[in-house]
C-alpha cells in the first residue's frame with residue numbers, strides 16, 4: 001500500500017505464447033474453413049515504485065487461457081491466398097470474470113513451395129475484472145497492429 005498523494009512509477013510487461021490446432025470441417029480446392037482450439041499463455045509482470053518512499057512492489061503471474069475459434073484460408077490465385085481467424089475465451093468464476101478476443105486477417109504470397117511472405121493485421125483484447133467487497137477493478141488491454149512475416153509450411 002502506498003499513502004495518498006504518493007508519486008508512483010509503474011511498468012507493465014506482457015508476453016503471449018500461443019499454440020493452436022485447426023480441424024478443417026470444410027475443404028475445397030480453393031481453401032478451407034476449420035474449427036480451432038488452442039492455448040494462450042500470458043505472462044504478466046507489473047511493478048510499482050515509489051521513489052520518495054524507497055518502496056517497490058512487483059507482481060507477476062502466468063495465465064493459461066484455452067481458446068476456441070474459426071480459421072480459414074482462400075486461394076485467390078496460384079501464388080496469393082487470404083487467411084483469417086477469430087478466437088475467443090471467456091470465464092466467470094467467483095468474483096472474477098474475463099474475456100480474450102483474437103482476430104487476424106492477412107494476405108500471403110507463395111515464394112517457394114513451403115515458404116511464403118505476407119502482410120496482415122491482428123487485434124488482441126483482454127478484459128479481466130474483479131468484484132469483491134473491498135476491491136472492484138477492471139483491466140482492459142488491447143493491441144491492434146500490422147504484421148509483415150515469413151511463413152514456413154511443413
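A short reminder: the numbers here are calculations on the coordinates, not readings from a lab. All values derive from a computational prediction rather than experimental measurement. Here the Cβ positions follow ideal geometry from the backbone for every residue, glycine too, while neighbour counts run over all protein chains shown.
Taking the Cα atoms of the chain, what is the range of coordinates along each of the three principal axes, in descending order and whole Å?
Its Cα atoms span 65, 33, 21 Å along the three principal axes.
Got a sec? How would 96, 40 order by Cβ neighbour count within 10 Å, fewest to most?
The fewest-first ordering by Cβ neighbours comes to 96, 40.
Points 7 angstrom from Cα along the Cβ direction at residue 103 and residue 130: gap in nanometres?
Once both label points are built, they end up 3.0 nm from each other.
If a paramagnetic tag sat 7 Å from the Cα of residue 139 along the Cα-Cβ line, which residues of segment 39-81 would have the backbone N under 13 Å from that point?
Answer for this model: 42-48, 58-65.
Of 98, 54, 120, which is the most mobile in a GNM of the chain whose springs link Cα atoms less than 10 angstrom apart?
Answer for the Gaussian network model of the chain: 54.
Return the whole-Å distance between the Cα centroid of segment 1-70 and the Cα centroid of segment 91-152.
Value for the Cα centre distance between the two parts: 9 Å.
What FRET efficiency comes out for residue 41 versus residue 94 if R0 is 22 angstrom and r is the Cβ-Cβ distance? Round to the nearest 0.05.
0.45
Based on the alpha-carbon set only, what is the convex hull volume of segment 68-129 divided per residue, in Å³?
74 Å³
When ranked by the protection proxy of mean other Cβ atoms within 10 Å per residue, highest first, what sequence do the peptides 67-76, 8-17, 125-134 form?
67-76, 125-134, 8-17
Rank by packing, highest mean first: peptides 99-110, 42-53, with packing defined as the count of other Cβ atoms within 10 Å averaged across residues.
99-110, 42-53
At residue 79 and residue 123, where each label point lies 7 Å from the Cα along Cα→Cβ, what is the point-to-point distance in nanometres?
Output for this residue pair reads 3.1 nm.
Taking the Cα-to-Cβ direction at residue 115 and at residue 150 and moving 7 Å from each Cα, how far apart do the two end points lie in nm?
Inter-label distance under the simple model: 0.6 nm.
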